[in-house]
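The values are calculated or read from the model by the stated rules, or taken from the named source; none is laboratory data. Keep in mind the model is a prediction, meaning the values are calculated, not measured. Please note: Cβ atoms are built from the backbone with ideal geometry, for glycine as well, and neighbour counts cover all protein chains shown. All accessible areas refer to the heavy atoms of the entire protein, side chains included, with ligands and DNA or RNA removed. Shrake-Rupley method; radii C 1.70, N 1.55, O 1.52, S 1.80 Å.
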Amino acid sequence: DWASLDARPLPAWFDRAKVGVFVHWGVFSVPAWGSEWFWWHWQGQHDAAYERFVRRRFPPGTTYAEFAPQFTALDFQPREWARLFRQAGARYVVLTTKHHEGFTNWGSPVSWNWNSVDTGPHRDLVGELGEALRESNLRYGLYHSLMEWFNPLYLADKQSGFKTQSFVLKKTMPELYDLVLKYKPDLIWSDGDWEAPDSYWNSTSFLAWLYNDSPVKDTVVVNDRWGRGCSCRHGGFYNCADKYRPGTLPDHKWEMCSSLDKLSWGYRSSMSLAEVMDEMSMLEELVQTVSLGGNYLLNVGPTKEGVIAPIFQERLLALGRWLDTNGEAIYESQPWRVQMENTTDTVWYTSKGPVVFAIFLLWPRDSSLHLSSPIPSPGTQVTLLGYGGTLKWQKSPGKGMLITLPYMLPSPLPPQSGWAVKLEGVK
């Protein structure tokens, strides 16, 4: 039952990791328009814009199934992906094994002809990426949608008010067990649960097996999307909602999933630069999330050929460069007694044992950083991550401390965003 499942301690690797990359990839990458919910908007809701798009681009009578052979993954190089994600500073990667369209990115035995081995790439995408990530020493997470919009078995169960469970017994559960036994994931990122209660999905019996008898029972981590009403209440770590920002420190481990394309999780060929998150927003989300005890899972949507757009690569590498310098304040950190200061410049705090990190996103005008929360002592030492030597500081007339930052040379370009000072010997 949930009481006993929720009492399981979360494997420590997840909280230590802090940073992950999310990958939304599937048949929706073929029309590459609107969002990964393409099929639903087009044929579930009969959205006029989607109908017009299909009319203009594809022959009359085109069905969604006809997109699958064009999902080729011809340029997919799993080792290149793994290298990029590693350079981005990610400690784990979550791949969509199956979105709500039901197409599986591995040769699922219960998804005949609607999987990446029988059609499209004719490759085991889940397996290939897993192998490359493990070689690069990254943890592997599998996103899996419990429901499928147009699966006749699911629609029949829905029709019965979820009194029958044909879809769960013949499709969802066999696939989840298959994924765990075949790929031994470090994380299962469940989704597509909201229409039916967890009793319909058999979530508790699956999780009991996962935690007690599966090959990954001691290391696996799961999220909170296991049935209507479970979100933010049951499961392992909490997602609560997409792009969730709690505002204050939650008392349960959580994760913020965000997407570099502000309008979609899957790839869109019509995406414009203004619709891509900039470096500053990305770092702000990361810092705010980690200071509030969360993990940051940042999404990219590859093309149907398996290319990660250069603009996404550029953002990921910028994140990695920032973490190369400031990672000490992020990885393995804990929330401090104060999470943020709302003085003129926003400062976010993290800590490691007695050491406190103050992360600020804007360089103060006069190069003097005022921190009102830390209480200094005569032995207090201040350093700026990525900069040699200690910094001068003095007690501030009100409370806290004033830190003299190194002189920044004037430059026509704004400096990179985000710096972290390390405070030793403060309370």
Completion exercise
Counting only Cβ distances under 4.7 Å between cysteines, those in the chain with no partner are C230, C257
Exercise for the section: Place +1 on the Cβ of every Lys and Arg and -1 on the Cβ of every Asp and Glu in segment 334-426, take the dipole about the Cα centre, and give the residue among T346, S368, Q394 whose Cα lies farthest towards its positive end. Expected result: Q394
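Residues of segment 123-185: accessible area per residue at 1.4 Å, in Å²? Please list the in-between numbers first.
Working: 2610 Å² over 63 residues.
I get 42 Å² per residue for segment 123-185.
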Fill in the blank from the handout: Share of accessible surface on carbon and sulfur in the chain, whole %, 1.4 Å probe and ligands ignored, is 53 percent
Practice task
Positive end of the charge dipole of segment 11-329 (Lys, Arg +1 and Asp, Glu -1 on Cβ, about the Cα centre): tell me which of Q87, H100, I188 has its Cα farthest that way.
Solution key: H100
Exercise for the section: Just subtract the alpha-carbon distance of H122 and L249 from 0.36 nm times their residue separation and send over the number in nm, one decimal. Expected result: 41.2 nm
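Which pairs in the list K253/K399; K158/K217; K98/K184; K18/K399; K163/K253; K253/K304 are over 25 Å apart, alpha-carbon to alpha-carbon? The partial results should precede the final answer.
Details: K253/K399 32 Å; K158/K217 32 Å; K98/K184 16 Å; K18/K399 31 Å; K163/K253 33 Å; K253/K304 34 Å.
Over 25 Å apart, Cα to Cα: K253/K399; K158/K217; K18/K399; K163/K253; K253/K304.
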Handout entry: Dipole of the chain [Lys/Arg +1, Asp/Glu -1 at C-beta], most positive-end residue of T303, V290, A329
Key = A329
Problem - GNM flexibility winner over the chain from S214, S396, S29 (Cα, springs under 10 Å) - result: S396
Completion exercise
the chain, Gaussian network, Cα under 10 Å: of D193, D324, D261, the residue fluctuating most is D324
Fill in the blank from the handout: So, with points 7 Å from each Cα along the Cβ direction, the D213-W2 label distance in nm works out to 2.4 nm
Practice task
Quickly work out the R233-to-S377 label distance, labels modelled 7 Å from Cα along the C-beta direction, and quote it in nm with one decimal.
Solution key: 4.6 nm
Practice task
Have a look at A274, A12, A65 and tell me which one the Gaussian network model of the chain (Cα, springs below 10 Å) gives the largest fluctuation.
Solution key: A274
Exercise for the section: Only helical DSSP H runs with n ≥ 4 go in: add -39500 (n - 2.57) per run for the chain, normalise by residue count and round the 222 nm mean residue ellipticity to 500 deg cm²/dmol. Expected result: -7000 deg cm²/dmol
Handout entry: Simple label model, 7 Å out from Cα along Cβ direction - K392 to Q70, nm
Key = 6.5 nm
Problem - Relative packing of 245-258, 173-186, which averages over residues the other C-beta atoms within 10 Å, highest first - result: 173-186, 245-258
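Could you tell me whether the chain comes out rounded, prolate or oblate from its Cα gyration tensor? Rule is a ≥ b ≥ c as square roots of the eigenvalues, rounded for a/c under 1.5, then prolate if a/b exceeds b/c, otherwise oblate.
prolate
Could you tell me which of rounded, prolate or oblate describes segment 136-234, using a ≥ b ≥ c as the square roots of the eigenvalues of the alpha-carbon gyration tensor, with rounded for a/c under 1.5 and, failing that, prolate when a/b is larger than b/c and oblate otherwise? Let's see the in-between values first.
Values: a/c = 1.99, a/b = 1.76, b/c = 1.13.
Note, shape of segment 136-234 comes out prolate.
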Completion exercise
quick note, the chain, DSSP beta bridge pairs, % antiparallel (nearest 5) is 50 percent
